[in-house]
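Q: One structure follows; several queries about it will come next.
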Amino acid sequence: MHSEDICHHFYGVKDAYEEGFDIRAMNDRIGEVLIRMESLQDKLEKTVQQLEKEKDVVAKSNITRLEYKKFLEVEVIRPLYNAHIALRQIRLPKAEGIGNSTMKEEPLINTFVIEEIRKYITPKENRVGKVNIYGTEKIYNTIGHACVLMKKELEEYMDYDIGSYCKDDWNLAQKLMLNGCDPLPRRRCLTRASKLYQKPYPINESLWKLPDGRNVRWSNYQCRNFECLSSKNPKRGYSKCTGCFEMEKEKLKWVANSSLPVDFLMSDILRIKPGEIRIGLDYGVGTGTFAARMREQHNVTIISTALNLGAPFSETIALRGLVPLYATLNQRLPFFDNTMDLIHTTGFMDGWINLMLMDFILFDWDRILRPGGLLWIDRFFCNRKDLDDYMYMFLQFRYKKHKWGISPKSKDEVYLSALLEKPPRAI
């Protein structure tokens with residue numbers, strides 16, 4: 001006779017708790033506490049041994065009560081408290097269902113020590129047990145799976161006083177995001193702004209005027225002002241989109257004629273779908289010039305992705321009166337299916353990218369692009385020998401080709417530009 005209740009006595013711990021309970025994380029937590037206790041014991045024993053060696057000196061010295069109190073607080077009580085809290089925070093699986101047949105626990109809960117992370121990832125039950133507008137009984141806050149691999153950095157990021165000012169650590173947040181800890185948990189501290197923050201320029205000035213440098217926190221950049229970001233400065237601190245902070249040069253993009261077959265004019269692109277291009281996404285690295293030109297000349301709303309890769313790209317886009325989307329290659333785009341009229345990409349997703357990653361990204365673009373929407377591949381470059389692989393990646397969706405151009409970039413590299421239209425696929 002097979003009985004689950006009897007068999008649970010003979011199954012391993014992993015088997016008994018395999019649904020949702022992370023026994024390895026609990027084991028790691030207990031190991032961490034034991035290491036802390038062992039470290040405290042070693043420290044106290046060494047202190048006693050040192051006192052024994054110097055007993056003549058100690059006998060003559062007078063330690064004040066304040067010094068003794070400080071020693072106990074810092075060297076004894078605090079480590080003991082941290083170890084105690086770490087043990088207290090271990091969550092054992094909750095019994096759910098009939099006859100304790102199902103053991104469940106929230107994933108990752110025993111992985112982290114910092115209380116604020118644990119509070120964030122714990123599901124929030126609705127009040128008075130009602131189902132919410134999403135049709136669920138709980139709200140699950142999410143973090144990227146790679147956060148577990150960057151536990152130390154994430155705990156540093158989430159270690160703050162609730163309600164006080166956050167540390168100036170956006171660069172730590174971006175490092176976490178770029179390494180797969182994305183999305184990041186929300187924080188309950190107040191973000192810092194520049195101490196010299198000024199009112200932004202009005203919209204009729206801001207599109208083509210370099211922002212006021214006092215509105216940027218420069219502490220985590222190599223430069224300390226916009227003038228330093230000039231392409232002529234070899235110590236500007238960034239390499240992507242050289243010249244993006246020089247507005248006179250930026251004004252010429254997509255409107256000035258070029259002899260290269262890979263340079264398409266914005267007016268020619270929009271002429272293919274007159275009046276149909278209203279909203280779109282600019283996926284790349286830049287200061288929002290594509291969105292500024294679309295807004296000024298064609299009344300098209302463009303959202304620009306931005307990461308601060310050595311320079312304040314996100315701040316600059318916003319200060320120009322445009323919309324920055326602070327997003328990495330790691331995440332699914334936060335737009336619903338079949339909604340965008342246009343996706344434009346340049347200067348970011350080039351021949352360095354893994355083909356499998358590129359495949360996932362392109363399918364995500366296909367998801368948000370509406371039937372009849374345009375995909376504008378702008379100056380994608382790769383090694384000449386890899387061109388066929390990348391061409392297949394773009395053409396696999398059977399989009400209609402409106403424009404297509406290839407031009408040499410160097411001896412071994414080529415540029416590829418294309419304008420493709422998504423088919424209806426009415427199924």
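Q: Do any helices (runs of 4 or more DSSP H) lying entirely in the range 308-427 carry at least 3 residues that are open to solvent by 10 Å² or more (accessible area, probe 1.4 Å) and closer than 30 Å to Cys223 by Cβ, and which ones are they?
A: In the range 308-427, 313-319 are the helices (runs of 4 or more DSSP H) which contain 3 or more residues that are open to solvent by 10 Å² or more (accessible area, probe 1.4 Å) and closer than 30 Å to Cys223 by Cβ.
Q: When Thr242 is evaluated against the numbered criteria (1) free of Cβ contacts under 8 Å to residues at least 60 places away in the same chain; (2) within 30 Å of Gly372 (Cα to Cα); (3) open to solvent by 50 Å² or more (accessible area, probe 1.4 Å); (4) not acidic (Asp, Glu), which criterion, by number, is the only one it fails?
A: (2)
Q: If only one of Lys409, Lys400, Lys422, Lys385 is more than 31 Å from the chain's Cα centre (by Cα) and under 20 Å from Arg271 (Cα atoms), which one is it?
A: Lys400
Q: Search the range 31-58 for residues that are on the phi < 0 side of the Ramachandran plot and pair each with any residue that is surrounded by 12 or more Cβ atoms within 10 Å (Cβ to Cβ) and polar (S, T, N, Q) when their beta-carbon atoms are under 7 Å apart and the residues are at least 6 apart or on different chains.
A: That search, which allows pairs on different chains as well, returns Arg36/Asn82.
Q: Counting only residues that are open to solvent by less than 10 Å² (accessible area, probe 1.4 Å) and within 14 Å of Leu252 (Cα to Cα), how many does the range 288-307 have?
A: Residues in the range 288-307 being open to solvent by less than 10 Å² (accessible area, probe 1.4 Å) and within 14 Å of Leu252 (Cα to Cα): 6 in total.
Q: I'd like the full set of residues that are within 14 Å of Phe112 (Cα to Cα), of a type in the set (Asp, Glu) and open to solvent by less than 80 Å² (accessible area, probe 1.4 Å), limited to the range 145-195.
A: The answer is Glu153, Glu155.
Q: While we're here: Based on what the data block shows, is Asn257 part of a helix (DSSP H, G or I) and loosely packed, with under 11 Cβ neighbours inside 10 Å?
A: So Asn257 fails the test.
Q: Hey, could you check the range 118-141 for residues that are out of contact with any Pro (no Cβ under 6 Å at 6 or more places or on another chain) and either surrounded by 17 or more Cβ atoms within 10 Å (Cβ to Cβ) or β-branched (Val, Ile, Thr) (or both) and say which is modelled with the lowest pLDDT?
A: Per the stated criteria, the residue is Val128.
Q: If I ask for residues that are farther than 23 Å from Lys240 by Cβ and assigned to a helix (DSSP H, G or I), which ones from the range 272-294 would you list?
A: Selection gives Ile272 alone.
The values are calculated or read from the model by the stated rules, or taken from the named source; none is laboratory data. From a predicted model like this one, the values you see are computed outputs, not experimental measurements. Methodologically, a virtual Cβ is constructed for each residue, glycine included, from the backbone with ideal geometry; neighbour enumeration extends over all protein chains shown. For accessibility, only protein heavy atoms count, side chains too; no ligands or nucleic acids. Shrake-Rupley method; radii C 1.70, N 1.55, O 1.52, S 1.80 Å.
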